[in-house]
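Only one structure is covered here, and it is reproduced in the block below.
The values are calculated or read from the model by the stated rules, or taken from the named source; none is laboratory data. Since we're looking at a predicted model, the values are computed, not measured. Positions of Cβ are backbone-derived with ideal geometry, glycine not excepted, and every protein chain shown enters the neighbour counts.
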Amino acid sequence: MRQCRGGLADEKKIASCLKPDPAASSFNVREQVMERVYRIHKESHAKGSGARRMTRRTFIIVTGIIVALTSLTGFAATRYFQITNEKGRVLIQTKSYEDEAKRNRKYQYYQNKLSRQLEKYEPQIEKLKEQLRPGEIIAYYMDDDVINTLDTSGKAKFAYKPLKYTDYGQYISRVTEEKKTRPVIPERLTDTLVFEEGILNPDFMFGKDVHENFAERMKLAEEFEQEAKKAKGDQKIFTKKMPWVVGEEGTLSVVYGDGQSSLRLNVSKLSSTGKVQTYPTDGTKVDIIELNGQEILFHDESKSKKSRLNYMALWYDEKSKYTYTLIENKESKLSKKEFVQALEALVIKP
């Protein structure tokens, strides 16, 4: 397999890493990826005991990474890319933002109405978040009929403050305590790009699978509703401290910088049935490149006026089951060549 090693001289060598996806023409883009939690729960049980069970890791991928990526403005790309394992299972793929938006357009009125209502409580929620200490997470409930009617499965919401480390040794020590398999997080990516900050985020499933977690969230919402009924005065927001759990499912983020530019690395677990999906923005060039025998989905968004990114690379480590995403924001000044050089330090031979 073709490899791209350090010391790339120019864009031609970067281009030599590109490889076409022979499955692109047959890629099925009709799969729904933004199902609400209560629909996942109800449909999976309706199919009976023979149905494949949705794991908690799948839930994290669907409701976490995908939602984060779809916050970017996208368009219907004319080509689609995917990375599969040796068995043909899709691990990473591009999707059409426009197609997904069309499928969800019928919910837009209700989503806008919900957003406007949530904005009324934003100052109070922000004050709650400011009071949290690193490593704390709370559940909160708003006693508002409009919100709870439009968001029946999300009545209990969460706010947290992540754990942050500026000392590389301390961060790696904590990561090693939390993770059975240590992810690839070097202290430096190049001579100038070095570790600046490491972040640990909680597992919002609290160590449970998707169905157990769903049941507990519904129970938590009922407890909040009863508390609200008994409350006196005009109290509208109710809170409860939750256990801080990182474990195998909590995501990791690492910032590398050189004083002027920075890169962010995100690491998360991928289940045996999960996948990562991205939504290219207008003007984005997407390709699959190969580094050290590893296939990588590469977004060049430097020419896109709608994107907040310059470059983004996604790949999957089959052995550790970790998905990696390396991102450079528009504010950063690294060239494509420098980005790929940093990427090489993270990609190990599969």
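Brief remarks on what is shown
- Taken together, S261, S268, S253, S272 contain a single residue that is surrounded by fewer than 18 Cβ atoms within 10 Å (Cβ to Cβ) and outside the structural domain of M142 (by the TED database), which is S272.
- Candidates K232, K208 - the one that is more than 28 Å from the chain's Cα centre (by Cα) and in a loop (DSSP other than H, G, I, E, B): K232
- Of everything in region 93-145 that is in a strand (DSSP E or B) and not hydrophobic (A, V, I, L, M, F, W, C), the residue that is nearest to F224 (Cα to Cα) is Y141.
- Unique match (being among the acidic types (D, E) and in contact with a helix residue (DSSP H, G or I) (Cβ under 7 Å, 6 or more places away or on another chain)) among E187, E197: E187
- Odd one out for W315 among (1) surrounded by fewer than 22 Cβ atoms within 10 Å (Cβ to Cβ); (2) modelled with pLDDT of 95 or more: (1)
- Criterion applied to K229, K161 was being surrounded by fewer than 13 Cβ atoms within 10 Å (Cβ to Cβ) and charged (D, E, K, R), and the one residue passing it is K229.
- Pair list, Cβ < 8 Å and 6+ apart or interchain, from region 89-104 residues that are under 16 Å from E318 (Cα atoms) to residues that are aromatic (F, W, Y) and in a strand (DSSP E or B): L91/Y316; I92/W315; I92/Y316
- Only a single criterion out of (1) in contact with a strand residue (DSSP E or B) (Cβ under 7 Å, 6 or more places away or on another chain); (2) crowded, with 18+ Cβ neighbours inside 10 Å; (3) of a type in the set (K, R) is not satisfied by K179, namely (1).
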